[in-house]
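First up is the structure itself, then whatever we jot down about it.
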Amino acid sequence: MKHGVRNSVKEFRKEKGITQDQLAESISVTRQTIIAIEKQRYEPSIGTAIKLATVLDCSLDKLFWIEGDV
């Protein structure tokens, strides 16, 4: 299986009732960045990941994980 970082940003964002625009603005990135993260096309920096976890009020390991054999 291919290794890759997966995330549940979209699920946590929707659970919080936050739009992509609102989330992007709150962590100082573009909406396009949020879209790319949610579609698993972009792996954010650790700083951005921590900001996402903070805004979405969840732990990093619930928000991001490695898929496949480690």
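Is at least one residue of region 9-22 among the aromatic types (Phe, Trp, Tyr) and open to solvent by less than 80 Å² (accessible area, probe 1.4 Å)?
Yes, region 9-22 contains a residue that is among the aromatic types (Phe, Trp, Tyr) and open to solvent by less than 80 Å² (accessible area, probe 1.4 Å).
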## Note on the structure
Of the residues in region 1-23 that are within 21 Å of Asp57 (Cβ to Cβ) and in a strand (DSSP E or B), the one that is modelled with the lowest pLDDT is Val5
### Task
Kindly list, by first and then second residue, each pair from a residue in region 33-50 that is under 9 Å from Arg6 (Cα atoms) and exposed (fewer than 15 other Cβ atoms within 10 Å of the Cβ) to a residue that is charged (D, E, K, R) and at pLDDT 95 or above, limited to pairs with Cβ atoms under 9 Å and residues at least 6 apart or on different chains.
Gln40/Arg6
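The values are calculated or read from the model by the stated rules, or taken from the named source; none is laboratory data. Predicted model, so just to flag it, every value in this text is computed and none were measured. All Cβ positions, glycine included, derive from the backbone under ideal geometry; neighbour counts span all protein chains shown. Note: areas computed on protein heavy atoms with side chains; ligands, DNA, RNA excluded. Shrake-Rupley method; radii C 1.70, N 1.55, O 1.52, S 1.80 Å.
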